[in-house]
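Take a look at the structure below.
Every number in this text was worked out from the coordinates using simple rules, so none of it is lab data. It should be emphasised that the depicted structure is a prediction, and the values quoted were computed from it without experimental measurement. Don't worry about glycine lacking a Cβ; one is built from the backbone with ideal geometry, like all the others, and counts go over all protein chains shown.
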């Protein structure tokens, strides 16, 4: 698993070097990423060697510090790509939302693993959702919809893993499904709402509970119009382009269409390192970040693309294995949160490059350019390795 992560970092460095070599303003990105790669590996080993109970002790303080940073960035942050999500620490810029992922995962694991915690109690479920919504709302205020989706996914998966009933999970997830269905027009919204009614009938809850859940889902559907008014124009365009990428081929749909061209042109074995036309001629703006996978697809072909997917699959399967060998509930939930974070970033980013998910600005873990994300990812892998190393202390 560690070897898979290192290979992915090396692949990322190669892709960043290739995509910035002929770029007039981004030539220094490779050197920066190389430094952060070394720093991230050092941090990985430091975290790996920490005492077993460290993460329980720092869970609440880390979460509170994370909230402070997320609040500070709204007032003191630097706007990049339409979101005020960056802060400067001297010459170094960083994203508080990246480091807040660590605090959120540790805190939710601590909260959900507390003695006598019953996640199926509606009051405790409400408290859990409310606490988890604090960082999500702060991130939406930047606004950063992509990162907010990651936080929502982490929360839902950790709640599910803590033992929530199937009906409880349905109550939490169904409004999001209704909201997503609303993207595709009124017929799809009505179809999804009908599915909710059928599900409520099958769950056989009392009339008041079923009616309340139905009203919540109905409100989620009508909230779509309100959401369109809250989002910024470029975010709305991304949503509309996801539904129909060809609707704005020279605007918000440009990157997605060009990414598919780049991946398709790579063929079986690719055009060779630094030989990709889309990459070297800079058809895709800032290709070293969210669309770095199409650099791999164009220059290393289908074989290189599949190798990257296999390396990620190894990491996912090993993290899943860690959950079964973790000593207690806290450790299991921390690993589940880490696995969810990696998988959501992976699935959405690859989907963006293939044109099957909206372009919402999520980097590919370990590969995309970005020091904050790389350090956070390796730190979290260090946490997972530490939990696996210390599993015997809880068995």
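For the chain, the relative contact order comes to 25 percent (Cα pairs under 8 Å, sequence separation of at least 6). Could you tell me the calculated FRET efficiency between residue 21 and residue 205, based on Cβ-Cβ distance and R0 = 45 angstrom, to the nearest 0.05? Calculated value: 0.15.
Springs between Cα atoms under 10 Å define the GNM used for the chain, and in it the highest mean-square fluctuation of 67, 362, 309 occurs at 309. Which FRET efficiency value, to the nearest 0.05, do you get for residue 74 and residue 34 by plugging their Cβ-Cβ distance into 1/(1 + (r/R0)^6) with R0 = 35 Å? Efficiency, rounded to the nearest 0.05: 0.65. Model label points for residue 223 and residue 45, set 7 angstrom from Cα along the Cα-to-Cβ axis, are 4.7 nm apart.
What is the extension gain from residue 303 to residue 356, computed as 0.36 nm multiplied by their sequence separation minus the C-alpha to C-alpha distance, in nm to one decimal? Here the segment from residue 303 to residue 356 would lengthen by 17.0 nm. Here each label is just a point 7 Å from Cα along the line to Cβ, and for residue 392 and residue 325 those points are 1.2 nm apart.
In whole Å, how far is the Cα centre of the range 178-204 from that of the range 318-362? About 27 Å separates the Cα centre of the range 178-204 from the one of the range 318-362. Kirkwood radius, the chain, all distinct C-alpha pairs, inverse of mean reciprocal distance: 22.2 Å.
Counting only DSSP H runs of at least 4 residues, each contributing -39500 (n - 2.57), and dividing by the residue count of the chain, the helix-based mean residue ellipticity at 222 nm comes to -24000 deg cm²/dmol.
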